[in-house]
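Let me begin by presenting the structure, written as structure tokens, before commenting on it.
Each reported figure results from applying straightforward, stated rules to the coordinates on display, with no laboratory input. What you see is a predicted model, and the numbers here were worked out from it, not measured in a lab. Cβ placement follows ideal geometry from the backbone for every residue including glycine, while neighbour counts extend to all protein chains displayed.
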Amino acid sequence: MDMSVYESIKRLADAYATRLKQQVDLRIEEMKADDNSHYLLYRVLGFSNDEGRLIDLYQNKGRFLYKYAGAFLEEAAIACMKHRFPEAAKVKIPNSLGARPRTFEIDCLVNQLAHEIKWRDATTDGDHITKEHTRIQVIKAKGYKPVRVMFYYPQREQAVKIQETLETLYKGIGGEYYCGDGAWSYIEKMTDIDLLGILEKIAQSRE
């Protein structure tokens with residue numbers, strides 16, 4: 001394992017963990033002043049006040065955790081790309097097929113490979129397919145190959161169907177689609193960095 005890469009991602013993880021704790025601690029403090037009259041409905045539906053308090057607490061913690069977990073993993077993956085390809089960059093390209101949005105963002109452009117990097121995508125919105133189809137058409141017209149890298153596959157049926165459609169769209173336009181184990185393998189193949197191994201080592205250091 002390249003220790004310089006490990007230390008870089010470890011510092012990134014530490015920074016995200018610190019910011020996450022600050023946000024959670026702030027929200028917990030704010031919740032002390034919340035109006036909890038809605039606990040009446042919880043009790044009507046069979047949940048005690050204590051259970052309601054914990055549900056609200058972890059719902060708030062979960063919102064922050066999902067946001068920070070996703071942002072961290074996406075930034076860590078891009079960091080691996082930039083370590084291997086210093087010229088890799090986040091770029092915006094104009095929407096050549098419509099007025100909205102005015103531009104599309106490529107998370108990490110490496111030579112002609114336009115990477116869309118997601119930690120997961122649990123959307124069930126059909127409009128998501130239309131927007132993504134337009135995005136990859138614009139990328140293709142620009143002369144780039146769209147590549148989608150998603151580390152965690154959704155589990156709900158409708159969200160899975162959306163991903164299956166997106167995979168078909170990517171491959172149909174000549175792009176590439178990687179998810180789950182394939183996403184981790186793609187990053188390692190592209191960068192010679194075992195990102196999954198690094199994250200497992202960091203997680204062990206927290207225990």
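Other residues lying with their Cβ under 14 Å from the Cβ of residue 36 contribute a combined charge of -3, Lys and Arg counting +1, Asp and Glu -1.
The convex hull of the Cα atoms of region 83-206, projected and averaged over all directions, covers 8.5 nm².
What full-extension length gain, to one decimal in nm, is calculated for residue 89 and residue 206 as 0.36 nm per residue of separation minus the Cα-Cα distance? List each step's numbers first, then the result.
Numbers: separation 117, 0.36 × 117 = 42.12 nm, distance 3.10 nm.
Here the segment from residue 89 to residue 206 would lengthen by 39.0 nm.
Each of 117, 45, 65 was scored by the projection of its Cα onto the charge dipole of region 43-191, and the greatest displacement toward the positive side belongs to 117; charges sit on the C-beta of Lys, Arg, Asp and Glu. Extension gain, residue 173 to residue 41: 0.36 nm times the residue separation minus the Cα-Cα distance gives 42.5 nm. A simple spin-label model places the labels of residue 53 and residue 127 4.0 nm from each other, with each point 7 Å out along Cα-to-Cβ. In this structure, residue 161 and residue 71 have a Cβ-Cβ separation that, at R0 = 30 Å, corresponds to a calculated FRET efficiency of about 0.70.
Report the antiparallel proportion of the DSSP beta bridges in the chain as a percent, rounded to a multiple of 5. Working shown, then result.
Working: 8 of 19 bridges.
If we restrict to bridges inside the chain, about 40 percent are antiparallel.
Separation of the alpha carbons by more than 31 angstrom is noted, of 32/131; 118/140; 10/118; 67/140, for 32/131. Between residue 181 and residue 30, the modelled label-to-label distance comes to 4.2 nm, taking each label 7 Å out from Cα in the direction of the beta carbon.
Our summary of shape: the Cα atoms of region 1-106 have principal axis extents of 57, 46, 23 Å, ordered from largest down, in whole angstrom. Evaluated with a Cβ-only charge set (Lys, Arg +1; Asp, Glu -1), the chain carries a dipole of roughly 640 debye about its Cα centre, given to the nearest 20. Amide H contacts of residue 113: 145, each under 5 Å away and 5 or more positions distant or on a separate chain (H built 1.01 Å from N in the peptide plane; Pro and chain starts excluded).
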